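Participant: If you scroll down you'll find the structure; I have some questions about it.
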Amino acid sequence: MKKILMGLVGLVLVAVIGVVAFLYFNLNGLIKQGIEEFTPRYTQTDVSLGSASVSIFSGEGGLSDLVIGNPQGYKSAEAFSLGDINVAVDTASITTDTIIIKSLDIVAPAVTYEPGGKAGSNLQQLVKNLQQSSKSSPGKQEAGESTGGEKKVIIDRLTIRDGKVAVVTPLSKEPLTADLPKIELTDVGRKQGGTSSAEVLKQVIEKVTASASKVAQVSLDDLKGKAGEMAKEKAGEAVGGLQE
């Protein structure tokens, strides 16, 4: 009996080591695959991730070159290019129903703001796509609630910093560029005991959209003002020429 028990314990240990080894060598590939397959269901756009490097032991690491494509009907290829994303996960939460992310730091994102379309801009269309996809997800009950079988998420601190906004407008041959103000969110999903990944993505894009829209409006107003001044100068020159 003792030998049988020892044999069972040995099999369990081998299985555990096998699982750990599988995760160790395949975790980052699984993260990349998961993001590229899961996110487009909600954004309704192309999504690609350059690479992932997260340790299953420390829970720390990063993602690089996450690109979210533009919705249909807009000229620019990308809505977001998120550069580097630093993440720290509570490893004890990985095996639970709710994963706790201690920090998520998005560094130097490039945001493209393109006005027009039914939604008003490409970023507003992305938010609309997320809202529609979340409502139609099977098993979805309330905002912030995870779909059946999907893990929930809590983010203690989420920051977006050192970003740039490129405003695409027919008023200028080249996109107007401006700094994106720092964005910080805390305790995302904590009150609800965890929220869905889609809801987190929606909150982030809503915040970025609101911030980018303000920046874009200031840039466009400034450009219109300069165009108006140039038009007045040319009109003045034309009148002066007629009077001579």
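Participant: Assuming residue 45 fulfils every condition listed in (1) open to solvent by 40 Å² or more (accessible area, probe 1.4 Å); (2) at pLDDT 90 or above; (3) at negative phi apart from one, which condition is it?
Facilitator: (1)
Participant: OK, next. Examine region 212-232 for a residue that is outside any helix (DSSP H, G or I), modelled with pLDDT of 60 or more and open to solvent by 30 Å² or more (accessible area, probe 1.4 Å), and state whether such a residue exists. Steps first, answer last, please.
Facilitator: The first filter runs over region 212-232 and keeps only residues outside any helix (DSSP H, G or I), leaving none.
Checking region 212-232: not a single residue is outside any helix (DSSP H, G or I), modelled with pLDDT of 60 or more and open to solvent by 30 Å² or more (accessible area, probe 1.4 Å).
Participant: Okay, next question. Quick one: residue 13 ticks every box in (1) modelled with pLDDT under 90; (2) under 18 Å from residue 198 (Cα atoms) bar one, so which box is it?
Facilitator: Of everything listed in (1) modelled with pLDDT under 90; (2) under 18 Å from residue 198 (Cα atoms), residue 13 misses just condition (2).
Participant: Which is under 13 Å from the mean Cα position of the chain (by Cα) and either part of a helix (DSSP H, G or I) or under 30 Å from residue 171 (Cα atoms) (or both), of 126, 104? Steps first, answer last, please.
Facilitator: On the way: 104 fails: either part of a helix (DSSP H, G or I) or under 30 Å from residue 171 (Cα atoms) (or both).
Unique residue meeting the criteria: 126.
Participant: Tell me, please, whether a residue that is assigned to a helix (DSSP H, G or I) and either under 17 Å from residue 106 (Cα atoms) or aliphatic (A, V, I, L, M) (or both) can be found in region 190-199. Before you say what the answer is, go through the steps one by one.
Facilitator: So the first thing to find is which residues in region 190-199 are assigned to a helix (DSSP H, G or I), and the list is 197-199.
Add one more test, that the residue is either under 17 Å from residue 106 (Cα atoms) or aliphatic (A, V, I, L, M) (or both), and what stays is 197-198.
Yes, region 190-199 contains at least one residue that is assigned to a helix (DSSP H, G or I) and either under 17 Å from residue 106 (Cα atoms) or aliphatic (A, V, I, L, M) (or both).
Participant: Tally up the residues in region 121-152 that are open to solvent by 20 Å² or more (accessible area, probe 1.4 Å) and at pLDDT 90 or above, please.
Facilitator: 4
The values are calculated or read from the model by the stated rules, or taken from the named source; none is laboratory data. Because the structure is predicted, anything quoted here is derived from the model rather than measured. Areas reflect the complete protein model, heavy atoms only, side chains present, ligands, DNA and RNA absent. Shrake-Rupley method; radii C 1.70, N 1.55, O 1.52, S 1.80 Å.
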